[in-house]
1. Could you tally the net charge around ASN197, taking each other residue with its Cβ under 14 Å from the Cβ of ASN197, Lys/Arg +1 and Asp/Glu -1?
2. Roughly what percent of Cα-Cα pairs across the chain reach past 28 Å?
3. Using the Cβ atoms and a cut-off under 13 Å, what net charge is assigned to the surroundings of GLY132, where Lys and Arg are +1 and Asp and Glu are -1?
4. Modelling each spin label as a point 7 Å along the Cα-to-Cβ direction, I'd like the MET1/GLU35 distance in nm, to one decimal.
5. Keeping every protein chain present and rolling a 1.4 Å probe, give me the accessible area per residue for the chain in Å².
6. Using Cα pairs closer than 8 Å and at least 6 residues apart in sequence, work out the relative contact order for the chain, in percent.
7. Treating the beta-carbon of each Lys and Arg as +1 and of each Asp and Glu as -1, no other charges, what is the dipole magnitude of region 80-227 about its Cα centre, to the nearest 20 debye?
8. How many percent of the accessible area of region 62-216 is carbon or sulfur, using a 1.4 Å probe?
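The values are calculated or read from the model by the stated rules, or taken from the named source; none is laboratory data. Just so it is clear, the model here is predicted, and its values are computed rather than measured. All Cβ positions, even for glycine, are placed from backbone atoms using ideal geometry, and neighbour counts span all protein chains on display. Keep in mind that these areas ignore ligands, DNA and RNA; they rest on the heavy atoms of the full protein, side chains included. Shrake-Rupley method; radii C 1.70, N 1.55, O 1.52, S 1.80 Å.
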Amino acid sequence: MKKALIVWGGWDGHEPQQIAAIFANILEAHQFQVEVSDTLDAFGDGSKLKSLDLIVPVWTMGEISQEYVNNISEAVQGGTGLAGCHGGMCDAFRNNVDWQFMTGGQWVAHPGNDGVKYTVEIKQSSSPLVQGMEDFIVESEQYYLHVDPAVEVLATTRFPVADGPHRFNKAVDMPVVWTKRWGHGRVYYNSLGHHANIVEMPSIKELMTRGLLWAAEGKVSTEANAGLGSGSKANIYSGMGDSQVD
């Protein structure tokens, strides 16, 4: 039985408890053993995180210790999947660039705020994560993000829709759904999910279900993991360099 950890909290406006429950139900329906926690201290046991198949953060606008980010990073480098949505993953910890590097992006704006009506365009590719899916319309926040150019983009939305100073630039196709690798681990992100009712929309719930399962399937063998995630200081990766705190 695969094991998953869902950690929810932060800004309550994103309904983290309700969304965590949706994700738990999805995973339990696929025979996962699911632990749900409402404290970041759940990330304190690095060895436990490495034993998991999947970590699901549902935590917006929080502050996290570098130790906990290191624990998660090492686990994902070793094959544990990381998957989440909206601000619960890519506006989780604004002050930690290691988190942003690992997840692939950071929210910076939602012009027009909640209630913007826009189209999510599926990028047809060889990825099974979007196979058979069609474009759909959503009325919610439209996330403008700073995105890692290394991600594989699976869905986009066209900006601008709402008015603002950004509209004086050319039109851009902003990533909505993407995947990336972090060491041996799989990372999945979906910018949709401002409230629980948005996550429950059939197209969005299907995307999240596929993404959660895909990320969890990336767990690699112990032999392939030799030299990664052993817990020694040498195996802790940080892109922050001289600003890294010991």
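1. Working: positive: LYS205; negative: GLU15, ASP114, GLU139, GLU141, GLU200.
Net charge around ASN197: -4.
2. On the way: 8227 of 30135 pairs.
In whole percent, the long-distance tail amounts to 27.
3. Values: positive: ARG210; negative: GLU134, ASP135, GLU206.
Once all neighbours under 13 Å are counted, the net charge is -2.
4. Calculated label separation equals 1.4 nm.
5. Values: 10930 Å² over 246 residues.
That works out to 44 Å² for each residue.
6. Details: 541 pairs, mean separation 53.7, N = 246.
Relative contact order of the chain: 22 percent.
7. Numbers: 12 positive and 16 negative charges, 49 e Å.
Value, rounded to 20: 240 debye.
8. Numbers: 2990 of 6140 Å².
That share works out to 49 percent.
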